[in-house]
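Have a look at the structure below before the remarks.
What follows draws every value from the coordinates through simple rules; no lab data is involved. Since the model is a prediction, treat every value here as computed from it, not as a measurement. In this analysis, Cβ positions are derived from the backbone assuming ideal geometry, glycine residues included, and neighbour counts consider all displayed protein chains.
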Amino acid sequence: MNQDYLSDQLIEQVDECWPDLVLLLEQGRVIIKNYQPSTAPNALNDEGWLEFYDLAEDALLAFTVGLFAFLTERSTQVESPLDLTRYVPDLATLDPTSQVDFPSKHLRLHRLHLWRVAEGEQDRLVIRRRR
């Protein structure tokens, strides 16, 4: 699958409508949505692209590894994360069969701290409201 199979309208909707990880089990294909900071000066948006992997019978395992990676990245860990890549080290070195760029419509991804230490109150956390 490459850009020839995706309409311009579909590519426009990738940022807002597609999940970060897609499994097409019957076709044995995994699709991953990726972002990186834009290299353009003063850019507010990230650059986005889809990676397509044709993995046949290993697609379900690759999807599970990708799902665990997203969960590990986006959650607080209290135990060691489950790392399936040690059982299938070849997955870490696979190159995508194709790649499609898409326009990113959201602001650059960054962490937003919901608390700040107020001046003179160094020993406790204070939640401030945005103005």
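Once R0 is set to 22 Å, what does the formula 1/(1 + (r/R0)^6) return for the Cβ-Cβ distance between TRP49 and ALA69, expressed as a FRET efficiency to the nearest 0.05? Write down the numbers at each step before the final one.
Numbers: r = 17 Å, r/R0 = 0.78.
With a Förster radius of 22 Å, E is 0.80.
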- Gain on full stretching of the segment that runs from LYS33 to HIS106 - 0.36 nm per residue minus C-alpha separation: 24.9 nm
- Message: Could you derive backbone 3J(HN,Hα) for region 84-97 from the dihedral phi with the Karplus parameters 6.51, -1.76 and 1.60 (θ = phi - 60°), listing whole Hz in sequence and x where the residue is Gly or Pro?
- Response: 7, 5, 5, 8, 9, x, 5, 5, 5, 9, 6, 9, x, 6
- Long-range amide H contacts for ARG29: which residues qualify at under 5 Å (H placed 1.01 Å from N, peptide plane, sequence gap of 5 or more or a different chain)? LEU24, LEU55
- Rounded to the nearest 0.05, what FRET efficiency do GLN77 and TYR5 have when you use their Cβ-Cβ distance and R0 = 41 Å? 0.60
- Task: Go through ASN34, ALA69, TRP49 and say which Cα lies farthest out towards the positive end of the charge dipole of region 3-102; charges sit on Cβ, +1 for Lys and Arg, -1 for Asp and Glu.
- Result: ALA69
